[in-house]
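Written out below as structure tokens is the structure these notes cover.
The values are calculated or read from the model by the stated rules, or taken from the named source; none is laboratory data. All of these numbers come straight from a predicted model, not from anything done at the bench. FYI the Cβ positions are ideal-geometry reconstructions off the backbone, even for glycines, and counts take in every protein chain you see. Accessible surface areas use protein heavy atoms only, side chains included; no ligands, DNA or RNA. Shrake-Rupley method; radii C 1.70, N 1.55, O 1.52, S 1.80 Å.
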Amino acid sequence: MAGPAVQKPGVLMLGVVHHAKAEFGKLSEVAHVQQVTSGSREEFIRDCDSGKYDSLVAISRTYDSVEITGRFDAELVSHLPSSLRFISHNGAGYDQIDIQPCTDKNISVSNTPKAVDAATANTAIFLMLGALRRAWIPQQALREGKWRGASPLGRDPHHLTLGILGMGGIGTATARRAAALGFKLQYHNRKPVADIEKQFAPGQVPSYVGFEELLKTSDVISVHLPLGPATRGLIGSQELGRMKDGVIIVNTARGAIIDEQALAESLESGKVWSVGLDVYDKEPEINPGLTKHPGAFLLPHIGTATVDTQKEMEMLVIDNVKSAVTRGKLLTQVPEQKPITSKA
């Protein structure tokens with residue numbers, strides 16, 4: 001006679017899986033899967049407190065699911081079931097999750113590094129080239145039947161120094177693409193990247209410089225830092241003032257890294273010649289000083305918005321969950337956390 005059925009570990013998907021539906025469907029082979037696609041933070045906390053999710057081992061969440069639960073801050077984490085050991089987040093940036101409260105509760109968190117590198121770097125280069133040409137001016141003129149309108153002369157990459165602020169996966173992918181355009185490359189990171197010369201052709205290896213030197217000597221600055229306490233508001237009026245006159249700034253990381261009002265004022269004064277932005281401080285709101293300025297080349301946070309990248313990200317999230325429930329560990333745990341022994 002067969003023994004009692006072994007209950008599968010519980011998994012909760014917060015949000016909608018758009019592209020890796022077949023892979024998501026197969027999760028049910030190794031886990032009992034629930035999905036929440038609507039609701040409010042209050043409802044989610046109430047369900048957690050009621051015992052509805054007491055069998056959960058892992059939560060998988062989309063970036064957009066913040067509309068359902070709000071941020072995974074200390075308050076929300078305190079209501080998560082004691083059985084929970086893993087959170088798999090869809091996104092390279094994970095500022096929607098406070099890591100320390102999760103660590104304190106023995107919850108491991110993963111993100112989706114590498115899956116986003118190519119698409120975000122391509123977006124950074126697109127914005128960079130658009131900002132170098134102040135491309136919004138001729139685009140708008142053309143649509144208004146004015147042909148080139150008051151289009152200014154742009155700049156050529158091979159005469160300029162590009163400063164990469166944050167040399168992680170996306171920063172490195174951007175630098176490699178920028179090298180092909182002829183930029184002289186330099187970067188600032190928490191520490192120099194080991195064996196960086198192996199990732200670039202001879203003569204194209206970026207040089208490591210201090211933060212202040214990068215600000216003072218770069219013609220173009222491209223931001224690729226994660227958002228956290230140390231980087232929020234990192235670039236304000238003082239930092240902008242130390243940059244070259246006519247500097248060009250590109251940001252595909254997080255809007256809150258740059259003081260948006262100070263950036264708009266620097267653009268208006270001419271200190272900043274142009275900007276290429278995909279991210280903003282209080283999305284979807286954008287400072288009017290940016291939207292109205294002809295030197296602002298803007299996108300609505302679409303850096304990873306390709307079918308290919310979205311599917312790759314979803315598959316990595318699902319692979320993280322599968323590894324969590326079958327092997328007791330995540331594949332791409334966030335760097336702030338040391339490996340946590342699972343009780344699952």
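The figures follow:
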quantity: Cross-link partners of residue 184 among lysines (Cα-Cα below 22 Å; sequence separation of 8 or more within a chain); calculated: 198, 216, 244, 271
quantity: Charge-dipole axis of the chain as Lys and Arg at +1 and Asp and Glu at -1 on Cβ define it, positive-most pick from 74, 276, 261; calculated: 276
quantity: Among beta bridges that DSSP assigns inside the chain, antiparallel share in %, nearest 5; calculated: 5 percent
quantity: For the chain, with +1 on Lys and Arg beta carbons and -1 on Asp and Glu, the positive-most of 33, 170, 145 along the dipole; calculated: 170
quantity: With Cα atoms, 0 to 90° folded angle of helix 260-269 axis to the chain main axis; calculated: 10 degrees
quantity: Accessible area of residue 142 in the full protein assembly, 1.4 Å probe (Å², nearest 10); calculated: 100 Å²
quantity: Label point distance in nm, residue 282-residue 32, each placed 7 Å from Cα along Cα→Cβ; calculated: 4.4 nm
quantity: Cα gyration tensor category, rounded, prolate or oblate, for the chain with a/c compared to 1.5; calculated: prolate
quantity: Computed label-point distance, nm, for sites residue 146 and residue 195 using a 7 Å Cα→Cβ extension; calculated: 5.4 nm
quantity: Gaussian network model of the chain, Cα within-10 Å springs - most flexible of 101, 202, 138; calculated: 202
quantity: Choice from 329, 146, 114 with maximal GNM fluctuation in the chain (Cα, 10 Å cutoff); calculated: 146
quantity: Helical mean residue ellipticity (222 nm; -39500 (n - 2.57) per DSSP H run of 4+; nearest 500) of the chain; calculated: -9500 deg cm²/dmol
quantity: Fluctuation leader among 220, 272, 36 - the chain, Gaussian network, Cα springs under 10 angstrom; calculated: 36
quantity: Efficiency of FRET between residue 159 and residue 307 - r from beta-carbon atoms, R0 30 angstrom, step 0.05; calculated: 0.25
quantity: Nearest 10 degrees, 0 to 90: helix 41-50 Cα axis against the chain principal axis; calculated: 20 degrees
quantity: Solvent exposure of segment 116-298 as accessible area per residue, Å², 1.4 Å probe; calculated: 48 Å²
quantity: The chain - percent of accessible surface contributed by carbon and sulfur, probe 1.4 Å; calculated: 52 percent
quantity: With DNA, RNA and ligands ignored, accessible area of residue 137 (1.4 Å probe; Å², nearest 10); calculated: 30 Å²
quantity: Ordering of 288-297, 86-95 by packing [mean C-beta count within 10 Å, highest first]; calculated: 86-95, 288-297
